[in-house]
Structures are given as C-alpha cells and as structure tokens.
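Novice: Mind having a look at this structure? Questions to follow.
Where a number appears in this text, it was derived from the coordinates with a stated rule and is not lab data. Note that the coordinates shown come from a computational prediction; the quantities given were computed from them, not determined experimentally. All Cβ positions, even for glycine, are placed from backbone atoms using ideal geometry, and neighbour counts span all protein chains on display.
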C-alpha cells in the first residue's frame, strides 16, 4: 500500500480562495486569490486551478501566477503553470502550495518596490 504525499501548505492556499487583500491602502494596490480543487490531470497534476494576482489602483493586473492558459511555445494546447509580470509571461515550475505562496509574495514585493510603492 502506498501513501499519498500530502502537501502541508495546501489547506492554507485553499483557505485564501475568493480573498481580496489591500496591500497599499494609500495607493490602491490589492491582491486577489482564486484557488479551487480540480481533478488531477496532465495539465494540472497538482489538482488545482489557481490565480494569485496583484492589481494596481485602476484594477489592472500587474503580476501574478496562474494555470489558466498555455504559454510560450505552447500558445495552443493545454493550460500550464506560469507567472505574469507586467507584460511578460513565463512558465512556472509549481512545486507545492507553500512555495507558490512564497513566490507570489516575493513577486508582489518586487513589483511594489520597483513601482516606488514600498521602500
């Protein structure tokens, strides 16, 4: 009998589903989390459909991680994990929920620093 490996950060990630958090009250920057369980498939081997996004005051997405569409050479075909940063989209190597959250907050901090929102 084999034991399924449990992702220890998964519950924390799933608990963020539908949450919107203001990260810059004066400037109007905010983050949004959409995280749902889906059947495990070749496109979503971790069994998640997710979008973690940073938005500017006008509501436009500045950065984020999701797995809603193909990227790069796979512009047609199946969705894959990837990262958005301003106008750039690159594949993302999903490892686990805790790493995804850490990578997201690192990206949020970097974009807010580059924008002069935080020192």
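Novice: Rank these for me by crowding, 66, 109, 103, going from fewest to most other beta carbons within 10 Å. All intermediate terms of the calculation are to be shown ahead of the outcome.
Specialist: Numbers: 66 21, 109 14, 103 17.
Ascending number of Cβ neighbours within 10 Å: 109, 103, 66.
Novice: If you don't mind, there's one more thing I want to ask. Any chance you could give the angle, 0 to 90 degrees and rounded to 10, that helix 97-114 forms with the longest Cα principal axis of the chain?
Specialist: 20 degrees
Novice: While we're on this one: Using just the helices of the chain, give the 222 nm mean residue ellipticity in deg cm²/dmol: DSSP H runs with n ≥ 4 each add -39,500 (n - 2.57), and the total is spread over all residues, rounded to 500. Before the final figure, lay out each step's value.
Specialist: Details: 2 runs with 24 residues, N = 119.
Helix-only estimate at 222 nm: -6500 deg cm²/dmol.
Novice: Simple spin-label model, 7 Å along Cα-to-Cβ: residue 26 to residue 93 in nm?
Specialist: 3.9 nm
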